[in-house]
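Structure first, commentary second.
The values are calculated or read from the model by the stated rules, or taken from the named source; none is laboratory data. No experiment lies behind these values; they were computed from the predicted model shown. We place every Cβ from the backbone using ideal geometry, glycine too, and count neighbours over all the protein chains shown.
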Amino acid sequence: MSSASAAIPQPGRTKAFLRLVMIEHSVFALPFAYIAALTAMFQWDKNIHWGKLLLVTVCMVGLRTFAMAVNRIIDREIDARNPRTAQRELVTGAMSVKHAWTGALIALAVFLGAAALLNPLCLALAPIAVIPMVVYPYGKRFTNFPQAILGLAQAMGPVGGWLAITGSWSWDAVILGLAVGIWIGGFDLIYACQDVETDREIGVMSVPARFGIPSAIWGARVCHALTTALFVWYALATGAGAFFWLGLLIVAGAFLYEHSIVRPHDLSRVNRAFFSVNGFIGIALFVCALLDLLVRGLTV
């Protein structure tokens with residue numbers, strides 16, 4: 001670190017923390033919380049409530065930031081033993097454990113505060129949403145299926161987005177949440193294939209490490225087929241229109257492309273599949289869902 005950067009430590013720590021939690025990856029789950037929230041608004045009074053949408057954003061980013069920070073803190077010794085992750089901030093010393101915990105707890109406080117501002121039910125359920133975020137990093141130590149825990153954690157986003165607007169339970173939101181959880185769990189199966197040899201060597205548990213890369217790839221394909229079916233179910237349950245169905249066609253095409261570029265014996269394009277394609281899926285379906293709701297009468 002240069003003397004100039006050392007003289008102004010706080011911005012450097014902030015930048016390192018944002019790198020640590022990969023803040024840009026909020027794009028994966030956030031669009032689906034928006035879809036749920038906007039659909040709930042459409043069914044409620046057909047008006048976009050910008051204040052509530054802002055609080056949904058704060059909740060989602062706050063909880064995800066907490067989850068990622070805790071994940072990195074808990075996994076720092078594993079990360080140090082994996083060449084792919086050995087340059088992460090807690091391993092190199094770019095971020096101290098103390099400062100990572102500080103950032104995590106601030107993010108948690110922001111999440112709980114935003115939940116309290118939404119409605120009593122969101123605040124009451126907020127601690128439950130935190131549990132899988134903390135359990136997930138430990139999952140790879142006691143189960144071959146840590147992606148199932150990750151999927152459960154991610155499934156809560158759309159459910160929370162709906163609860164934030166209505167203050168009441170919705171099975172439609174559960175359908176969307178399951179779709180998102182299975183989708184993210186599926187592409188994490190693909191991502192975990194990169195670490196098979198290292199995971200086996202150091203004792204990290206995962207589907208690819210236990211059952212092999214071909215099984216993990218096929219598992220991801222099954223997950224994404226289920227995701228597509230659940231999206232269709234959600235569209236039918238909420239009476240979605242033409243634009244949403246167009247979005248589903250785009251998503252199905254993206255899934256086909258993703259699985260055409262990742263094969264058991266060729267993982268060279270995993271990052272493209274993980275970051276580019278999956279980021280595109282979330283944004284594309286959100287844009288189509290928003291257009292659909294606007295055409296059907298949602299008022300800005």
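Key figures
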{"quantity": "Test: residue in region 132-144 that is touching a Ser or Thr at 6+ places or on another chain (Cβ under 7 Å) and within 29 Å of L112 (Cα to Cα)", "calculated": "yes"}
{"quantity": "Given (1) in contact with an Asp or Glu (Cβ under 8 Å, 6 or more places away or on another chain); (2) closer than 25 Å to P127 by Cα; (3) of a type in the set (G, A, S), number of the condition A37 does not satisfy", "calculated": "(1)"}
{"quantity": "Tally of residues being among the small types (G, A, S) and within 21 Å of A284 (Cα to Cα) across region 31-88", "calculated": "4"}
{"quantity": "Residues that are charged (D, E, K, R) and either within 25 Å of A69 (Cβ to Cβ) or in contact with a helix residue (DSSP H, G or I) (Cβ under 9 Å, 6 or more places away or on another chain) (or both), drawn from region 17-45", "calculated": "R19, E24"}
{"quantity": "Cβ pairs under 6 Å, 6+ apart, first in region 182-196 and touching a residue at least 40 places away in the same chain (Cβ under 8 Å), second among the acidic types (D, E) and buried (at least 23 other Cβ atoms within 10 Å of the Cβ)", "calculated": "none"}
{"quantity": "Those residues of region 112-121 which are over 19 Å from the mean Cα position of the chain (by Cα), part of a helix (DSSP H, G or I) and surrounded by 17 or more Cβ atoms within 10 Å (Cβ to Cβ), in sequence order", "calculated": "L118"}
{"quantity": "Test: H99 is in contact (Cβ under 8 Å) with a residue 60 or more places away in the chain and closer than 23 Å to I165 by Cβ", "calculated": "no"}
{"quantity": "Qualifying residue in region 105-114 (condition: closer than 20 Å to D75 by Cα and touching a Phe, Trp or Tyr at 6+ places or on another chain (Cβ under 6 Å))", "calculated": "yes"}
{"quantity": "Unmet requirement for M156, which otherwise passes all of (1) modelled with pLDDT of 95 or more; (2) within 15 Å of the chain's Cα centre (by Cα); (3) not basic (K, R)", "calculated": "(1)"}
{"quantity": "Residue check for A179: within 22 Å of G282 (Cβ to Cβ), aliphatic (A, V, I, L, M) and at pLDDT 95 or above", "calculated": "yes"}
{"quantity": "Residue that is modelled with pLDDT of 95 or more and buried (at least 18 other Cβ atoms within 10 Å of the Cβ), where the choices are V56, V61", "calculated": "V56"}
{"quantity": "Close pairs from region 232-252: first of a type in the set (S, T, Y), partner crowded, with 16+ Cβ neighbours inside 10 Å and modelled with pLDDT of 95 or more, Cβ under 7 Å, at least 6 apart", "calculated": "Y234/D172; Y234/I175; Y234/L176; Y234/A179; T238/T39; T238/D172"}
{"quantity": "Residue within region 234-251 that is small (G, A, S), out of contact with any strand residue (DSSP E or B) (no Cβ under 6 Å at 6 or more places or on another chain), farther than 26 Å from N47 by Cβ and surrounded by 16 or more Cβ atoms within 10 Å (Cβ to Cβ) present", "calculated": "no"}
{"quantity": "Count - residues of region 167-187 that are in a helix (DSSP H, G or I) and out of contact with any helix residue (DSSP H, G or I) (no Cβ under 7 Å at 6 or more places or on another chain)", "calculated": "1"}
{"quantity": "Residues (crowded, with 22+ Cβ neighbours inside 10 Å, part of a helix (DSSP H, G or I) and of a type in the set (G, A, S)) located in region 192-224", "calculated": "A192, A209, A216, A220"}
{"quantity": "Matching residues, region 93-111, being surrounded by fewer than 17 Cβ atoms within 10 Å (Cβ to Cβ) and touching a helix residue (DSSP H, G or I) at 6+ places or on another chain (Cβ under 9 Å)", "calculated": "S96, V97, W101, T102, L105, I106, A109"}
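Okay, residues lined up against (1) exposed (fewer than 15 other Cβ atoms within 10 Å of the Cβ); (2) closer than 25 Å to A37 by Cβ; (3) small (G, A, S); (4) modelled with pLDDT under 95:
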position	(1), (2), (3), (4)
H259	no, no, no, yes
S268	yes, no, yes, yes
R272	yes, no, no, yes
V277	no, yes, no, yes
F280	no, yes, no, yes
L285	no, yes, no, no
A289	no, yes, yes, no
D292	no, yes, no, no
R296	no, yes, no, no
